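Colleague: Before we start, here is the structure in question, set down as structure tokens.
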Amino acid sequence: MYIGKAAQRSGATIKCIRHYEKIGLLPAPRRQGSYRIYDEQSVALVSLIKCAQKLGFSLKQMQAIVGDNGPGELPLLRIRQAIANRKAQLQAQLAELQQQHQHLLAFEASLEQTRYDCFTYPA
């Protein structure tokens, strides 16, 4: 399929697909004259990258995950590991935010007593 159809099916723009090719996230497609021809695996990879970006993965992270892959292959083990790492990172952020929330509640309560107890937070 041509790049326009690949963009439509993957939810990416044509410019985005060209950028992925340029930075090595997407293997160079075969060509028919001056037209790029994409297969289903390329469309699936673009969709995966777009989804990963929405979930907080950077393009550099995606390069590390899918960069060394053979054409048409998705590195499922590396993807699963990256997801597990991201979930752990989010859990740590959630715990930190919950702790900050508790400190805010305590600080707010101290305002009622006109005693200002400020907690120290890790940087």
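The values are calculated or read from the model by the stated rules, or taken from the named source; none is laboratory data. Small disclaimer: the values here were computed from a predicted structure and weren't measured. No Cβ is skipped: glycine too gets one built from the backbone with ideal geometry, and neighbour counts run over all protein chains shown.
Colleague: Kindly establish whether Gln99 is at pLDDT 95 or above and surrounded by 11 or more Cβ atoms within 10 Å (Cβ to Cβ).
Modeller: So Gln99 passes the test.
Colleague: Any residue that is over 22 Å from Lys15 (Cα atoms), over 12 Å from the mean Cα position of the chain (by Cα) and in a helix (DSSP H, G or I) - is there at least one of those in region 50-66?
Modeller: no
Colleague: Write out, first by first residue and then by second, each pair whose Cβ atoms fall under 6 Å of each other, whose residues are 6+ apart or on separate chains, and whose first residue, in region 32-43, is touching a residue at least 12 places away in the same chain (Cβ under 8 Å) while the second is of a type in the set (Lys, Arg).
Modeller: Ile37/Arg30; Val43/Arg9
Colleague: Okay, moving on. Scanning for something among the hydrophobic types (A, V, I, L, M, F, W, C), closer than 20 Å to Arg78 by Cα and in a helix (DSSP H, G or I), does region 26-43 turn up at least one residue?
Modeller: yes
Colleague: Just to be sure I understand, how many residues within region 1-54 are within 30 Å of Ala84 (Cα to Cα) and touching a Pro at 6+ places or on another chain (Cβ under 7 Å)?
Modeller: Result for region 1-54: 2.
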